[in-house]
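The structure under discussion appears below in the form of structure tokens.
The values are calculated or read from the model by the stated rules, or taken from the named source; none is laboratory data. Computed from a prediction, not measured in an experiment: that's the story for all the values here. When we count neighbours, we look across all protein chains shown, and the Cβ atoms used for this are built from the backbone with ideal geometry, even at glycine.
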């Protein structure tokens, strides 16, 4: 815990500074934090918002994403407790993925590609008996697992190593449902015969 001396004069207050942790890079929600993820920055004490996190952050979990350079606050931490996870098995042809790594899931349908999920923990790797790809078992939230299972038979899913800076959708299940929506309405036409010629006109 960082101890801060309280300034006793106006001049001392104007020059007083303190130390905070700032993100070295973009950190996505549910990242298990390490001290090396952050830099120590010195800022004027008068500009310091309340509730900054102390430096004992190893193993704590980020409750939402942080941009590069953002200050880490106590409210940004889950206190080491994560939401219940569902084990999900997916194929990947990406090289260099190991147990414990973080991966992202990209989805493509009808030339529309988006980052569905990012920062998923790889729990296990196995060989796929039916292809040259490998199987990765990842820990996902319930709505993330539902999104994957919804898309599996109808879209192309690609598992890649996470860069930590991908912009995943906020609601994966809603994004999956929207991606699968197809236009079912068709314009109605009317047949008009003039002078022996047949012409079709849209009436919608």
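Can you find, within the range 122-145, the residue that is farthest from the chain's Cα centre (by Cα) among those that are assigned to a strand (DSSP E or B) and free of Cβ contacts under 8 Å to residues at least 40 places away in the same chain?
That would be 127.
Can you spot a residue in the range 155-174 that is assigned to a loop (DSSP other than H, G, I, E, B), at pLDDT 90 or above, in contact with a helix residue (DSSP H, G or I) (Cβ under 6 Å, 6 or more places away or on another chain) and not assigned by TED's automatic domain parsing to the domain that holds residue 28?
Within the range 155-174, one or more residues are assigned to a loop (DSSP other than H, G, I, E, B), at pLDDT 90 or above, in contact with a helix residue (DSSP H, G or I) (Cβ under 6 Å, 6 or more places away or on another chain) and not assigned by TED's automatic domain parsing to the domain that holds residue 28.
Can you tell me which residue within the range 98-113, out of those that are part of a strand (DSSP E or B) and surrounded by fewer than 17 Cβ atoms within 10 Å (Cβ to Cβ), is modelled with the highest pLDDT?
Taking the candidates together, the pick is 108.
Give the range 1-47 a look and list any residue that's modelled with pLDDT under 90, within 30 Å of residue 119 (Cα to Cα) and part of a helix (DSSP H, G or I), or say none.
35
All but one of (1) at pLDDT 85 or above; (2) over 18 Å from residue 165 (Cβ atoms); (3) surrounded by 10 or more Cβ atoms within 10 Å (Cβ to Cβ) hold for residue 95, so report the exception by its number.
(3)
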